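Beneath this line is the structure, given in structure tokens, with notes to follow.
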Amino acid sequence: MVRPPVVDVFVTPADREAAMREDVRRGLTARSKSLPPVWFYDERGSLLFDEITRLPEYYLTRSERAILGRHSEDIAAASSADGLVELGSGTSEKTRLLLDTMAARGDLRRIVLLDISEEVLAEAASRLSTDYGVEVRAVVGDFRTDLPKISGGGRQLWAFLGSTVGNFPPTERRRLFSEFRASMGPEDHLLLGTDLVKDPDRLVAAYDDSAGVTAAFNRNVLVVLNRELGADFDPDGFEHRAVWNAEHRWIEMRLRSLSAHTVHIAELELDVAFRDGEEILTEISAKFEPEGLRHELESVGLASAVTWKDPAGDFMLTLARAAA
Ligand SMILES: C[S@@+](CC[C@H](N)C(=O)[O-])C[C@H]1O[C@@H](n2cnc3c(N)ncnc32)[C@H](O)[C@@H]1O
């Protein structure tokens, strides 16, 4: 019998709006304007991201899927997990490769999906619950703060895929890894998907595709602010830019104002002046070296047990466990 997913809401619409107000006020009144990537993902943003994952230039999803296709058995065996907790789960499409393997081994007991974007989460949870027939919990939450509320029980495999970790600069990444470590039980494992440093031209193309889907995704944050905070951004008045920052080894997605103008954000009673050519930093996507990542994980007590790359060496999955 199929059990419907249990839904826990840790981030209510009111929490979401309060957090967005704070982020937007801070980010758009700073000398260098920025917005955190979490606000891309309303329903349209999640669908656009899903479209990005199928673009010819966006090799990341295909590479990660190739690793999961080849090594799901190794991952399931090495972790002996009987439950999967996916953070920033989105559509959970690639995750099925792991779930199929865990189910075939007779190990799979529970699935927990956590995402800030409720619509996509609810749909993914109900599909997994129908297809796997195990307990499925859908958590509308923020992986930066809500992990203590979902930890505990069995041997969990915490999956943080899709290079989402790259959206955080080193200090925030360290905080995030520490949170993961603190919420993991002694027999739990973390499965982390990271993109690797490579030819900057390929990296830039992956974030500036010829069909303009990434540009639409980037501008969608302005559409979200218009709807949720009563702002009057003209999304077409901003140009999408993807730039390789060689010093920090990350891609920067930016929105560049095409004129000098002022935007009013009604809910914040705030006017934001833009110079012609002024940019908002909307996302970073850090690229990793295997050795550097190993050190980062070790520094918070996570021992990287095994790593796998795709055949082209573009992307890496790391299986880590709490260091003894
Ligand atoms: C880059 S996408 C990756 C999606 C999926 N894991 C994959 O591999 O294709 C990032 C996902 O994380 C979610 N997300 C972003 N920030 C979040 C946060 N602070 N807490 C929870 N989910 C978040 C987004 O809604 C989106 O589904």
Of all the residues that make up the range 124-149, how many are within 13 Å of Leu114 (Cβ to Cβ) and more than 15 Å from the ligand (Cβ to nearest atom)?
1
The listed residue being modelled with pLDDT under 95 and not charged (D, E, K, R), out of Val112, Val120
Val120
Would you tally the residues in the range 17-45 being of a type in the set (A, V, I, L, M), more than 16 Å from the ligand (Cβ to nearest atom) and in a loop (DSSP other than H, G, I, E, B)?
1
Pairs please, first residue from the range 118-147 and over 14 Å from Thr12 (Cα atoms), second anywhere and more than 9 Å from the ligand (Cβ to nearest atom) and polar (S, T, N, Q), Cβ atoms under 7 Å, 6+ apart in sequence or on different chains.
Val136/Ser129; Leu147/Ser183
Taking the conditions exactly as written (farther than 30 Å from Ala14 by Cβ, at pLDDT 95 or above, basic (Lys, Arg) and in contact with a helix residue (DSSP H, G or I) (Cβ under 7 Å, 6 or more places away or on another chain)), does Arg105 satisfy them or not?
yes
Flag for Thr164 being among the hydroxyl-bearing types (Ser, Thr, Tyr) and within 21 Å of Arg16 (Cβ to Cβ)
yes
Every residue from the range 73-98 that is away from the ligand (no atom under 11 Å from the Cβ) and surrounded by fewer than 21 Cβ atoms within 10 Å (Cβ to Cβ)
Glu73, Asp74, Ala77, Ala78, Ser80, Asp82, Arg96, Leu97
Checked the range 46-55 for anything within 12 Å of the ligand (Cβ to nearest atom), buried (at least 16 other Cβ atoms within 10 Å of the Cβ) and in a loop (DSSP other than H, G, I, E, B); matches are Thr53
Here the residues within the range 1-45 that are among the charged types (D, E, K, R), loosely packed, with under 12 Cβ neighbours inside 10 Å and over 22 Å from Glu283 (Cα atoms) are Arg3
Please determine, by comparing only the residues of the range 99-123 that are over 18 Å from the mean Cα position of the chain (by Cα) and part of a helix (DSSP H, G or I), which one is surrounded by the most Cβ atoms within 10 Å (Cβ to Cβ).
Met102
Members of the range 56-98 that are part of a helix (DSSP H, G or I) and among the hydrophobic types (A, V, I, L, M, F, W, C)
Leu60, Ala66, Ile67, Leu68, Ile75, Ala76, Ala77, Ala78, Leu97, Leu98
Condition check: within 12 Å of the ligand (Cβ to nearest atom) and among the hydrophobic types (A, V, I, L, M, F, W, C). Does Leu157 satisfy that?
no
Check Gly185, Gly152 and return the single one that is in contact (Cβ under 8 Å) with a residue 12 or more places away in the chain, over 17 Å from the mean Cα position of the chain (by Cα), more than 16 Å from the ligand (Cβ to nearest atom) and at positive phi.
Gly152
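The values are calculated or read from the model by the stated rules, or taken from the named source; none is laboratory data. All of these numbers come straight from a predicted model, not from anything done at the bench. Heads up, the Cβs are rebuilt from the backbone with ideal geometry, glycines too, and the neighbour counts pull from every protein chain shown.
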